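S.K.: What follows is a structure written as structure tokens; I'll ask about it next.
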Amino acid sequence: MKYLHDFIGELFGTFLLVFIGCSSVAVAVLYSAHSGLFQIAMIWGLAVTLSIYATRHLSCAHFNPAVSIAMAVRGRMPWSKVPLYLIAQFAGAFIAAATLYLLFSSSIAQLEQLQGIMRGSPASVKTAQMFGEFYPNPGAGAVAAVSTLNAFLAEAVGTFILVSMIFALSEGCNLGRPSDVLCPLFIGLTVTALISVLAPLTQAGFNPARDLSPRLFAWMMGWGDAAFPGRGPGFLVVYVLGPIAGGVAASAVSFLMEPLMKAKSSCRDVCVCR
């Protein structure tokens, strides 16, 4: 395969990201291993950072369809590569969900038995949230009131900020950016900050592969309607279209800002996937 290194990089990187991140949610639900949202947010940020460091010599380390599409719109990556990246990302996330279930299935079954949760019932959202995401966040309490529009905007705005930071950190014209060695750390910290403030609304996905593949796996493993609650395409609108819209908007803003940066210095993009 001509782009085998890209495929393996995106597959393995997305696997690492989703497995580490979703496992942090799993151990919080199953064992009360974390005492607050920030701990889970920090683990997700570390997962992003480690995944980039582990695989950026193979691919562009996107791990996210919204990022890949935004890069293609911006001209940072040819459209011919996008299908390959998306297949690898969705596959990596699905394998991560399967691995998580392989490790924690006995504990999940025990929790369901102890709390009288029938898998597939509305109550089983408590365990389904280890895989897919839900709005409002099942752990946010009675104060959370989140409409589909509100959830869509939260995912779009969160992804917009994330992708804008990725563009800024990889833009040679940005004289204030850190070195290439440190960029993955700052991308991870961006994810941590965004999860810390937006997770009470939507669990803060910002990544169609991270949400849809584990959600499909949960549906296959018996969660059924609990994995896709409600009627209509609300979850696809929020967790797939929302991040893509935010990423495309970020690419447009980056396009408008680049001439302003170039007017101050001669520069080049430092992360262009050819």
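The values are calculated or read from the model by the stated rules, or taken from the named source; none is laboratory data. Model, not experiment: these values are computed from the prediction. For neighbour counting, all protein chains shown are included, and Cβ atoms are generated from backbone atoms with ideal geometry for every residue, glycine included. The protein model used for the area step is the full one, side chains on, heavy atoms only, and it has no ligands, DNA or RNA in it. Shrake-Rupley method; radii C 1.70, N 1.55, O 1.52, S 1.80 Å.
S.K.: Points 7 angstrom from Cα along the Cβ direction at Ser32 and Val125: gap in nanometres?
M.R.: Here the answer is 2.3 nm between the modelled labels.
S.K.: Gap in Å between the Cα centre of region 1-49 and the Cα centre of region 182-210?
M.R.: 11
S.K.: Okay, next question. Please give the contour-minus-distance gain from Leu236 to Leu50: 0.36 nm per residue of separation, less the Cα-Cα distance, rounded to one decimal in nm.
M.R.: 64.2 nm
S.K.: Using the Kirkwood formula over every pair of different C-alpha atoms, what hydrodynamic radius in Å results for region 18-86?
M.R.: Mean inverse Cα-Cα distance, inverted, gives 13.6 Å.
S.K.: Please work out the C-alpha center-to-center distance from region 105-132 to region 64-94 and express it in whole Å.
M.R.: One Cα centre to the other: 33 Å.
S.K.: Compute the Kirkwood hydrodynamic radius of region 58-181, taking the inverse of the mean of 1/r over all pairs of distinct Cα atoms, and give it in Å to one decimal.
M.R.: This gives a value of 17.8 Å.
S.K.: Where only protein heavy atoms count, and the probe is 1.4 Å, what is the accessible area per residue for the chain in Å²?
M.R.: That works out to 44 Å² per residue.
S.K.: Taking only the C-alpha atoms, wrap a convex hull around the chain and report its volume per residue in Å³ as a whole number.
M.R.: It comes to 125 Å³ per residue, whole-number rounded.
S.K.: For a protection proxy built on the mean count of beta-carbon atoms within 10 angstrom, sort 56-68, 119-131 highest first, please. Present the calculation step by step, with values, prior to reporting the outcome.
M.R.: Values: 56-68: 25.0, 119-131: 19.5.
Top to bottom by mean Cβ count within 10 Å: 56-68, 119-131.
S.K.: Another question, if that's okay. Can you tell me the order of 187-193, 201-207 when each peptide is scored by its average per-residue count of other Cβ atoms within 10 angstrom, highest first?
M.R.: Top to bottom by mean Cβ count within 10 Å: 201-207, 187-193.
S.K.: Bin by bin, in steps of 5 Å, what percent of the Cα pairs in region 143-210 do you find, going until the bin that has the longest distance?
M.R.: With 5 Å bins starting at 0, P(r) equals 3, 17, 24, 21, 14, 11, 6, 3, 1.
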